[in-house]
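The values are calculated or read from the model by the stated rules, or taken from the named source; none is laboratory data. Quick caveat, the model's predicted, so the values are computed rather than measured. Cβ coordinates were reconstructed from backbone atoms using ideal geometry, including for glycine residues, and neighbour counts include every protein chain displayed.
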Amino acid sequence: MKRNPAKKVRIKDILEGKFFHGSKEGFKESFLISPFGQKISRVNLVGSIVDKFLSEEENFASLTIDDGSGSIRVKAFGSDVENLKKLEIGDLVEIIGKIKEFNAELYISFEIGRKVEPNFEILRRLEVLKELIKQKRIFDEIKGMSNLPEEELINYAREKYGMEEECVRFILENLNMDKKVDYKPAILELIKRLDEGEGVEIAKIIELSNLPETEIESAIEELLNSGELFEPKPGILKRVEYEV
């Protein structure tokens, strides 16, 4: 099986992506789709080692590396341990390996690792930034066309950018999740209707609004922070009325 190229990404893009398990029967490799829809199975990371573990039998070792955007563990088993254990806490390193998941933890299965100089890290950040700008441009184009039929959009992205179906569907799913409902106007209107002069109890707003409690609490906090509501007493809300 041909080895996939190791992509230069931020750790943040791995941690915020969606992992898909492969199958040995179908000879399908595991992979991850980044928030901007990039399909990744192998990565090339640059970061500092902030933690290290070596088992007593020396048949397992792990490093935790941090690149400023996040941190992730790198695991080595068997003969790969010998190369990994040469790297120490505080080293700036380049790590190549496969993204894997076990017990809900995303980690890197170690293949190659070496120490690098600070200038190498600066160059890498520029390379990653350039790729992120490219991916963001594609993401925004697909986002702007999300009103098209899904199959038409999938075919367009495949023909123009070589994107696979899973990547386009993941972008569309993220767009749907990002469409957060703004409950603040409804809460302000409800308080205006219920307030007879002394304010309105938060519990009463939750009871009568028929809206998700966590969303109401979040919206109330935003309204308090913005100065549109205030609490004359604990648990009581009033609108701030401005004189014209």
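Looking for whichever is under 19 Å from Glu165 (Cα atoms), surrounded by fewer than 20 Cβ atoms within 10 Å (Cβ to Cβ) and modelled with pLDDT of 90 or more here; the options are Ser55, Ser48, Ser23, Ser41. Which one fits? Break it down stepwise before answering.
Details: Ser55 fails: under 19 Å from Glu165 (Cα atoms); Ser48 fails: under 19 Å from Glu165 (Cα atoms); Ser23 fails: modelled with pLDDT of 90 or more.
When all the criteria are applied, what remains is Ser41.
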Lys160 vs. criteria farther than 17 Å from Ser34 by Cβ and free of Cβ contacts under 8 Å to residues at least 24 places away in the same chain: yes
Go through the range 63-175 and tell me which helices (runs of 4 or more DSSP H), entirely inside it, have 3 or more residues that are out of contact with any Asp or Glu (no Cβ under 9 Å at 6 or more places or on another chain). 118-144, 150-161
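Yes/no matrix, rows are residues, columns are (1) in the same structural domain as Asp51 (by TED's automatic domain parsing); (2) within 30 Å of Glu56 (Cβ to Cβ); (3) surrounded by 13 or more Cβ atoms within 10 Å (Cβ to Cβ):
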residue: Ser69; (1), (2), (3): yes, no, yes
residue: Leu87; (1), (2), (3): yes, yes, yes
residue: Gly90; (1), (2), (3): yes, yes, no
residue: Asn103; (1), (2), (3): yes, yes, no
residue: Glu111; (1), (2), (3): yes, yes, yes
residue: Leu129; (1), (2), (3): no, no, no
residue: Asp140; (1), (2), (3): no, no, no
residue: Arg158; (1), (2), (3): no, no, yes
residue: Val168; (1), (2), (3): no, no, yes
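Hey, does the range 88-97 have a residue that's farther than 13 Å from Val46 by Cα, of a type in the set (A, V, I, L, M) and in contact with a strand residue (DSSP E or B) (Cβ under 9 Å, 6 or more places away or on another chain)? Walk me through how you get there before you give the answer.
Going residue by residue through the range 88-97, those that are farther than 13 Å from Val46 by Cα are 88-89.
Next cut, of a type in the set (A, V, I, L, M) only: 89.
Add one more test, that the residue is in contact with a strand residue (DSSP E or B) (Cβ under 9 Å, 6 or more places away or on another chain), and what stays is 89.
Yes, the range 88-97 has at least one match.
Out of the residues in the range 199-212 that are part of a helix (DSSP H, G or I) and loosely packed, with under 12 Cβ neighbours inside 10 Å, which is modelled with the highest pLDDT? Spell out how you get there, then give the answer.
Filtering the range 199-212 down to residues part of a helix (DSSP H, G or I) leaves 202-209.
After this cut, where a residue has to be loosely packed, with under 12 Cβ neighbours inside 10 Å as well, the list is 203, 207.
On the way: Ala203: 87, Glu207: 80.
Looking at the filtered set, the residue picked out is Ala203.
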